[in-house]
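These notes are about the structure you will find just below.
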């Protein structure tokens with residue numbers, strides 16, 4: 001579907017207003033800039049294809065966050081299948097430089113619900129109630145996921161900082 005006139009301008013305004021947050025969330029989900037850009041681009045491509053529906057959506061940003069998360073989950077599943085099929089090999093662990101602390105890699109280690117709640121709450125600055133609504137979970141559960149995610153990240157950062165300081 002080719003958008004014209006007011007529809008195209010409305011799409012462009014929404015895109016410009018939301019792209020940084022959506023791309024940042026995608027980066028935290030996948031830990032790779034190129035793949036994050038691809039996921040965000042695919043999200044906007046789907047919005048463009050279905051703009052007649054998306055434009056009437058009560059909350060376009062929630063729609064795009066949902067689509068982005070689904071695309072990231074599909075990617076994780078595909079990678080898990082590829083990893084399971086690939087011959088096993090061990091790789092040496094590279095120690096980190098103090099300037100190479102990779103938040104996206106650390107976030108990627110979190111369980112899926114904690115990771116999604118953390119990204120929605122921290123990156124998109126949604127309230128706990130809004131995250132709970134979007135994830136269809138009780139607010140107390142979301143608070144727990146965000147708290148556990150923050151605790152796990154703090155622990156991982158502290159652990160990696162100790163490894164770097166020992167060098």
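Restricting attention to region 1-37, which residues are free of Cβ contacts under 8 Å to residues at least 12 places away in the same chain and in a helix (DSSP H, G or I)?
First, the residues of region 1-37 that are free of Cβ contacts under 8 Å to residues at least 12 places away in the same chain: 2, 4-6, 8-9, 12-13, 16-17, 20, 33-34.
Across region 1-37, the qualifying residues are 5, 6, 8, 9, 12, 13, 16, 17, 20, 33, 34.
Quick grid of which residues meet (1) at pLDDT 75 or above; (2) within 20 Å of residue 120 (Cβ to Cβ); (3) buried (at least 16 other Cβ atoms within 10 Å of the Cβ); (4) touching a strand residue (DSSP E or B) at 6+ places or on another chain (Cβ under 9 Å):
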| position | (1), (2), (3), (4) |
| --- | --- |
| 2 | no, no, no, no |
| 21 | yes, yes, yes, no |
| 31 | yes, yes, yes, no |
| 52 | yes, no, no, no |
| 55 | yes, no, no, no |
| 69 | yes, yes, yes, no |
| 81 | no, no, no, no |
| 87 | no, no, no, no |
| 104 | yes, yes, yes, no |
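The values are calculated or read from the model by the stated rules, or taken from the named source; none is laboratory data. What you see is a predicted model; the values in this text were computed from it and never measured. Glycine also receives a Cβ, built like all others from the backbone with ideal geometry; neighbour counts cover every protein chain displayed.
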